[in-house]
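The values are calculated or read from the model by the stated rules, or taken from the named source; none is laboratory data. All figures in this text were calculated on a predicted structure; none of them were measured in a lab. Because the Cβ atoms are built from the backbone with ideal geometry, glycine has one as well, and the counts that use them run over all protein chains shown.
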Amino acid sequence: MRIRTRLTLWYSAILLGILLVIGSLSYSVLRWSLMQDLDASLMTVAQVVHDTRSDDADDSDLDTILRNLLGPESYERFVQLLDPDGRPRPRAPEPRASALPFSAQAQANARRGANTFETITHDREQVRILTMPIVEDKHVVRIVQVGSSLGRAQGVLRRYFETLVVLIPLGVGLAAAGGAVIARKALRPVDAMTAAARRITAEDLHQRIGRQGTQDELDRLAETLNGMLARLDEAFRQMRRFAADAAHELRTPLTALKGGIEVALRASRTPEEYRQVLASSLEDADRLIRVAEDLLLLSRAAAGPEMPRLRIELEPLVLEALELGTRLAQGTGAHVKLGPVAPAAVRGDSGALGRAMRNLVENAVKYTAAGGTVELTLRTAAGQAVFAVKDTGIGIAPADAERIFEPFVRLDAARARETGGTGLGLAIARSIVLAHGGTLALEREPGPGSCFVISLPLAS
Ligand code: ADP
């Protein structure tokens with residue numbers, strides 16, 4: 001069911017409930033107040049009879065007076081004088097047709113000198129009766145009964161009920177129609193957004209969903225969707241650039257390989273020349289394999305660790321990285337040393353984390369000239385294990401601090417090719433660390449060189 005229909009049904013049902021409650025309450029109040037009015041007027045008439053009687057008029061005078069006062073018909077039907085035992089008083093000039101009933105309850109009350117109001121059926125109609133004793137010298141001398149038909153009050157109530165029966169459904173119907181119009185108007189921007197979102201495909205992610213400018217929930221939804229589109233757009237752009245970079249990276253050694261083989265085939269060569277061509281082909285093939293392996297590693301690291309996250313001590317991994325650094329530094333003359341190392345354990349994949357640490361050490365040695373130092377440290381701070389590789393090498397300009405983590409970014413292409421980097425080392429390291437819930441950043445440090453820091457949440 002559509003939201004619009006659901007909303008309309010809901011508030012129509014609520015409105016109907018409210019109107020029914022109000023209707024029945026007002027009906028009860030009306031009935032009560034009609035009854036009060038009726039009782040008050042019965043009281044007045046009874047009082048008149050009572051007062052007339054106490055004026056000591058004799059009984060036939062009383063009849064005449066009351067008949068004149070109340071009208072012959074009402075008087076005949078609804079006024080009755082009883083003696084203290086409840087017997088109707090013989091009345092002049094003719095006896096009445098049917099006496100008002102004198103109930104046991106009214107009788108008991110009258111004996112005590114109390115008034116009684118009752119609703120009874122008399123002559124096939126509902127009648128309200130007041131029974132009032134007339135007391136003289138502490139004795140009940142007469143009992144006055146006055147009645148009044150409930151017909152009029154019932155007519156008023158019936159008409160009020162009929163009005164409610166017509167007006168309540170009419171009101172609910174009108175409210176439902178109005179509500180449906182408002183709901184449709186309020187939800188129209190949602191339809192527009194749906195249509196706009198449907199139009200946007202992977203090819204035109206730069207399109208955005210229109211905003212109303214009202215700063216309401218729907219505008220915020222549009223903003224959120226636009227934010228998501230912007231991130232998707234950026235992700236797609238990065239993916240395309242990555243694919244182009246990867247193709248370029250693979251094409252360079254393949255072109256070199258092809259060129260070498262073509263030149264070798266152009267004429268007949270000596271065995272030594274063939275050996276040279278094969279040796280350089282092998283180098284190109286090695287390079288291709290390295291790029292392919294790094295690409296594989298990067299995609300695996302981005303997908304996150306496959307194995308269950310075991311608790312691993314970082315110290316042995318630091319020592320492994322130190323060993324690698326020392327071995328690599330033998331050719332360059334840099335000095336690789338171990339700084340303070342505190343025991344720290346994290347959860348994750350030790351192979352991957354070792355790889356990330358080795359990448360940093362490899363870089364530090366690669367970009368540090370003879371006489372420089374590379375220092376590895378491990379400490380814990382604020383629930384994090386912090387591994388840092390600090391070198392006194394060529395350093396990195398602040399402007400490049402973020403860029404170097406992107407795939408295939410090399411700050412000095414000539415040097416990188418010479419040192420054999422694929423430009424994927426830092427991207428792989430960062431992917432691995434992010435997949436472990438940590439961070440990898442280039443720290444701002446005084447002095448020459450650079451300092452890369454891996455922070456990982458400590459295992460509990
Ligand atoms: P590469 O395979 O080229 O080393 P990386 O992703 O590991 O690729 O590094 C990207 C670039 O960042 C490198 O080409 C280099 O210019 C720069 N870089 C990385 N580490 C250091 C460092 N310790 N000192 C100076 N430059 C560095």
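Points to keep in mind about this one:
- Among the residues of the stretch 301-311, at least one is modelled with pLDDT of 90 or more and more than 27 Å from Thr392 (Cβ to Cβ).
- Scanning the stretch 294-336 for residues that are touching a residue at least 12 places away in the same chain (Cβ under 8 Å), over 25 Å from Gly437 (Cβ atoms) and either among the polar types (S, T, N, Q) or exposed (fewer than 14 other Cβ atoms within 10 Å of the Cβ) (or both) yields Thr332, Gly333.
- Of all the residues in the stretch 52-67, those that are exposed (fewer than 15 other Cβ atoms within 10 Å of the Cβ) and either modelled with pLDDT under 75 or at positive phi (or both) number 8.
- Candidate set: the stretch 426-449, residues that are touching a Ser or Thr at 6+ places or on another chain (Cβ under 6 Å) and over 17 Å from Glu362 (Cα atoms); chosen: the one nearest to the ligand (Cβ to nearest atom): Pro448
- Residue within the stretch 199-220 that is assigned to a helix (DSSP H, G or I) and touching a Pro at 6+ places or on another chain (Cβ under 9 Å) present: yes
- So Leu338, is it closer than 26 Å to Arg311 by Cβ and more than 50 Å from the chain's Cα centre (by Cα): yes
- Of everything listed in (1) modelled with pLDDT of 90 or more; (2) within 50 Å of the chain's Cα centre (by Cα); (3) under 27 Å from Gly449 (Cα atoms), the single unmet condition for Leu298 is (1).
- Residue check, Arg379 away from the ligand (no atom under 12 Å from the Cβ), modelled with pLDDT of 90 or more and closer than 27 Å to Ala342 by Cβ: yes
- Scanning the stretch 351-376 for residues that are over 16 Å from Gly393 (Cα atoms), within 13 Å of the ligand (Cβ to nearest atom) and among the hydrophobic types (A, V, I, L, M, F, W, C) yields Ala356, Met357.
- Here Gly339 qualifies as at pLDDT below 95, in a strand (DSSP E or B) and small (Gly, Ala, Ser).
- Cross-chain or 6+ apart pairs with Cβ under 8 Å, the stretch 154-180 first and surrounded by 12 or more Cβ atoms within 10 Å (Cβ to Cβ), then at pLDDT below 95 and not in a helix (DSSP H, G or I): Gln154/Gln126
To keep it simple, each residue is scored yes or no on (1) over 60 Å from the mean Cα position of the chain (by Cα); (2) outside any helix (DSSP H, G or I); (3) of a type outside the set (Val, Ile, Thr).
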| site | (1), (2), (3) |
| --- | --- |
| Arg6 | no, no, yes |
| Ile14 | no, no, no |
| Ser24 | no, no, yes |
| Leu42 | yes, no, yes |
| His50 | yes, no, yes |
| Ile65 | yes, no, no |
| Glu73 | yes, no, yes |
